[in-house]
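The values are calculated or read from the model by the stated rules, or taken from the named source; none is laboratory data. On a predicted model such as this, the values are computed, not experimentally measured, just so you know. Neighbour counts are summed over all protein chains in view; Cβ atoms, including those assigned to glycine, are modelled from backbone coordinates with ideal geometry.
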């Protein structure tokens, strides 16, 4: 396999030659009904990726296809699926795809078939969830559980939280909701205090999530919760489940009601389809719902094996993103779901993307001389329209947009006003924004002039159901993976989080050895 | 008064000459204890603005002071306070400062003293809130209200919601919390459906907020709610309060329990200190808490009158932001509050900043040839550390950072782990991150190398109480205002939201006249 920096390949030169025309792409005259209908790639289930409002024509797509081929993106994906050590910095395999189904060879590590291992854990926590939901696993006073609280941070929080919010209304509507889920993440004591004080702890199970079993925030919050359980005369051992790796201090610990395992090959930000997301989602909505979610992700993973960029939505999305970042020069991307259920999905994508590809060395630790991962941010539409869209429409920078929308709402509870239901208004706003951003509007009053030329893509589908959510999640995971391959990065480590941890420990030890650090500590009233 | 584009003044040339050295500012050797202690500006109350980790030295500050003087920033602020038409596009005054106290001349419009008008409305909704909190204003079945639901979008949602979340724990701890607040904003029907179905409507009052009384999302959600109230055999007229302008269709409407007024001189994103934020905050926490919040904002407004940038935190913050945006070339800014209570504060600032200064023409509608408002995004620390901080530390772009932190938690409910309480760990993480971003760390393994050179500022204070929150909010409002003056913009209109509205109406009318728009509508399953 060929691992080459992006600026050393032939496609780099070709795309640079196309960039000046790309910056003046004529949206207003090109974006017609025919283009909207034809610029689509089917995704998993009912989902479709539409790139009609992107800066893309035949020569550009041909150059992007050449880039995909030259960087051997599908070949690298297949290697990853087969268990190649793609996390080069930490010398680990990258196996989150295997959590939802097998698309490559069996992966065996130290004599253990890891596909079987992940399946066994899935089966174990599925049974656990069924028993708990049925009231057969009870709290220490004999009450059935009504609440589940996840204690975790970063990948153990953002993804599972976003997925829970995304499916909550669907589950209520479809009679699957049984347990209310809550999340504690921040070491700010107000975070656990507010959640814990609002719940009847005798009816509450906690899910302690830390792969390493050493995450400072999570262990502090565990002890916070244990203290509250003890004060309420409850046995913490009957109220806490651990999700961790088998080698962590939390593993096989009789202090927990049960433990479920992942391993080093499941990165935090890629762990929503593991026990990290699976336990809480299965408790809340049932293991069958989680299974549908996994099936949706697996279908997207299979679709991502296609070599033709016109038939592979994740691959095309990745390449268009590189085109915008490295050749058109746009440093950030907005994610704009027209679905209140996806209110925290942008925060998850922000981690997924920025932590994976916010890197300045290549996969071997060598220098690179081009920009990598963009800033990713977003809020749901229509809310964002009344907020930061002003800058998106009329600001001095161009920010590419990633829209998501669905034909049907999740709760099917709507009202007709002025001849249309709210769901129709939601979709009308979405369609209108895409066209407004692309085409703009001339006006003699320059304050009311819209330059247009703001590229966007649209993912749309029938409804945000568990399978669609799984597909959507996997789409973005695979997009980020492909972009990492294009940039020749290791998208699977996060050395950038280490320095802060080291300096924090120094502060807490009372001996930082840095005058500025001591002075900041003093300003903040830290007394050690 | 002199209104000149930024690139036409002497300070522009001076700052350009300083920029090359600024890009190589030597954080590692300059950032010592003395600098941390000395680079501070007192703000209102216990708050302090620290700029030790910014790219700033005496020549840079002198040039920024010259910029402030040359663009007459304080003079323009005084004009605004005195009722000059600073919203040039809409030909309106800009009077949100007057909501919290008077710092300029009396402002009289069409014979009405507007300071008196705002005070009268404040008094009216304060009395209303007291009566409702005391159970003297009841729902249509005679039950006292326990819940308040704000129906609004954009400025009628983000600011009030962020402020409510920011003070909720403080209010619980201090015995001021009486009513639970909820927010409905999106036209996505799942948003109102989920909220409304989770509440006992006989104990719920709704606050309908729309200045114009014509906001599509809000009116749709009003009818959604009215329908549910009627189906529950409740009288909507006893369960809905309006906050609007006196000229809106919602004004003086007997269909509402009561109505409170703002006017055209209070912009949506600047309305948290008006009835838009005041009614819900006063209901939830009491009018005395809202009064403390206003007092904190007023103190910050007064501090912002200081001409010396070394003594005016909002002014200095604004100028450093312009320095970073236009001269150092950084296109985005992250807001990172180390306080879970500020979890939605970045979303509010995102609107405040991007909607105010995401503009491409000057205040007279003339061309400008420099960049204006940056992308603003953020999440609370420590959560963000386990998410997008990877890119902030080791990405290829430099993103300036705005940290916020407090000495004490709000709930005073903490646990000691490994010799320190969680609040101390929270602060240690904050101090560590500032230094890590600025100084970086050398490493032979380039994957573990931190380049440093990431500038940040820190706002810190004793505790996030109502007054501190008011001061913090006003700080950012005034920062954004000063930046608008520097860029010679009108920061107070939002013409960029109009085109989407127009096209949405066309879609809903069934006759868009645009083939692409019809095709997108068809993809999304819109049937008119």
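Assorted remarks:
- When the criteria are applied in full, residue A:410 meets the requirement of being on the phi < 0 side of the Ramachandran plot, part of a loop (DSSP other than H, G, I, E, B) and within 26 Å of the chain's Cα centre (by Cα).
- Only a single item in (1) at the interface with chain A (Cβ under 8 Å from one of its Cβ atoms); (2) closer than 25 Å to residue B:84 by Cβ; (3) not in a loop (DSSP other than H, G, I, E, B) is not met by residue B:372, and it is number (3).
- Residue match in the stretch B:144-159 (condition: surrounded by fewer than 19 Cβ atoms within 10 Å (Cβ to Cβ) and either more than 14 Å from every other protein chain (Cβ to nearest Cβ) or closer than 22 Å to residue B:297 by Cα (or both)): yes
- Selection of the stretch B:188-200 for residues being crowded, with 24+ Cβ neighbours inside 10 Å, in contact (Cβ under 8 Å) with a residue 12 or more places away in the chain and touching a strand residue (DSSP E or B) at 6+ places or on another chain (Cβ under 9 Å) yields B:189, B:191, B:192.
- When each of A:175, A:237 is tested for being part of a helix (DSSP H, G or I), over 25 Å from residue A:350 (Cα atoms) and out of contact with any helix residue (DSSP H, G or I) (no Cβ under 9 Å at 6 or more places or on another chain), the lone residue that passes is A:237.
- Flag for residue B:122 being within 18 Å of residue B:270 (Cα to Cα) and modelled with pLDDT of 95 or more: yes
- Residue satisfying all of: in the stretch B:426-449; within 7 Å of chain A (Cβ to nearest Cβ) and without any contact (Cβ under 8 Å) to a residue 12 or more places away in the chain; surrounded by the most Cβ atoms within 10 Å (Cβ to Cβ) among these: B:431
- Matching residues in the stretch A:31-58 - criterion: being in a helix (DSSP H, G or I) and within 17 Å of residue A:404 (Cβ to Cβ): A:36
- Scan of the stretch A:78-97 for residues that are assigned to a loop (DSSP other than H, G, I, E, B) and within 14 Å of chain B (Cβ to nearest Cβ), ordered by number: A:88, A:89, A:90, A:91
- Test for residue A:357: is it crowded, with 23+ Cβ neighbours inside 10 Å and touching a helix residue (DSSP H, G or I) at 6+ places or on another chain (Cβ under 7 Å): yes
- Among the residues making up the stretch A:460-473, those that are touching a helix residue (DSSP H, G or I) at 6+ places or on another chain (Cβ under 7 Å) and more than 11 Å from chain B (Cβ to nearest Cβ) are A:465, A:466, A:467, A:468, A:469, A:470, A:471, A:473.
- Every test in (1) under 29 Å from residue A:352 (Cα atoms); (2) more than 7 Å from every other protein chain (Cβ to nearest Cβ); (3) surrounded by fewer than 24 Cβ atoms within 10 Å (Cβ to Cβ) is passed by residue B:332 save one, and that test is (2).
- Residue B:364 vs. criteria more than 8 Å from every other protein chain (Cβ to nearest Cβ), farther than 30 Å from residue A:220 by Cβ and part of a loop (DSSP other than H, G, I, E, B): yes
- Here is the figure for the stretch B:387-420: residues that are more than 7 Å from chain A (Cβ to nearest Cβ), free of Cβ contacts under 8 Å to residues at least 60 places away in the same chain and within 18 Å of residue A:185 (Cα to Cα) total 1.
- Residue, farthest from the other protein chains (Cβ to nearest Cβ), within the stretch A:375-386, restricted to residues that are in contact with a helix residue (DSSP H, G or I) (Cβ under 7 Å, 6 or more places away or on another chain) and part of a helix (DSSP H, G or I): A:385
- Residue within the stretch A:450-458 that is within 22 Å of residue B:354 (Cα to Cα), part of a helix (DSSP H, G or I) and touching a helix residue (DSSP H, G or I) at 6+ places or on another chain (Cβ under 7 Å) present: no
- Every condition in (1) modelled with pLDDT of 95 or more; (2) surrounded by fewer than 24 Cβ atoms within 10 Å (Cβ to Cβ) holds for residue B:520 except the one numbered (2).
- Scanning the stretch A:474-500 for residues that are more than 8 Å from chain B (Cβ to nearest Cβ) and either outside any helix (DSSP H, G or I) or farther than 27 Å from residue A:303 by Cβ (or both) turns up A:488, A:489, A:491, A:492.
- For the stretch A:266-308, a residue qualifies if it is touching a strand residue (DSSP E or B) at 6+ places or on another chain (Cβ under 8 Å), within 14 Å of chain B (Cβ to nearest Cβ) and in a helix (DSSP H, G or I), and exactly one does: A:276.
Yes or no, residue by residue, for (1) within 11 Å of another protein chain (Cβ to nearest Cβ); (2) outside any helix (DSSP H, G or I); (3) under 21 Å from residue A:380 (Cα atoms); (4) out of contact with any helix residue (DSSP H, G or I) (no Cβ under 9 Å at 6 or more places or on another chain):
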residue	(1), (2), (3), (4)
B:115	no, no, no, no
B:122	no, no, no, no
B:128	no, no, no, no
B:199	no, yes, no, yes
B:219	yes, no, yes, yes
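- Checked against the criterion of being in contact with a strand residue (DSSP E or B) (Cβ under 8 Å, 6 or more places away or on another chain) and at pLDDT 95 or above, the stretch B:53-66 contains one or more residues that satisfy it.
- Test: residue in the stretch A:417-429 that is under 19 Å from the mean Cα position of the chain (by Cα), at pLDDT 95 or above and part of a strand (DSSP E or B): no
- Scan of the stretch B:501-528 for residues that are more than 7 Å from chain A (Cβ to nearest Cβ) and part of a helix (DSSP H, G or I), ordered by number: B:501, B:502, B:505, B:506, B:509, B:522
- Any hit, the stretch A:337-352, residues being within 7 Å of chain B (Cβ to nearest Cβ), assigned to a loop (DSSP other than H, G, I, E, B) and closer than 17 Å to residue A:457 by Cβ: yes
- Hey, residue B:103 part of a loop (DSSP other than H, G, I, E, B) and within 25 Å of the chain's Cα centre (by Cα) or not: yes
Each row is one residue, and each column tells you yes or no for (1) farther than 29 Å from residue B:507 by Cα; (2) touching a residue at least 24 places away in the same chain (Cβ under 8 Å).
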| site | (1), (2) |
| --- | --- |
| B:205 | yes, yes |
| B:215 | no, yes |
| B:228 | no, yes |
| B:235 | yes, yes |
| B:243 | yes, yes |
| B:247 | no, no |
| B:252 | yes, no |
| B:255 | yes, no |
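- Flag for residue B:133 being surrounded by fewer than 20 Cβ atoms within 10 Å (Cβ to Cβ) and more than 10 Å from chain A (Cβ to nearest Cβ): no
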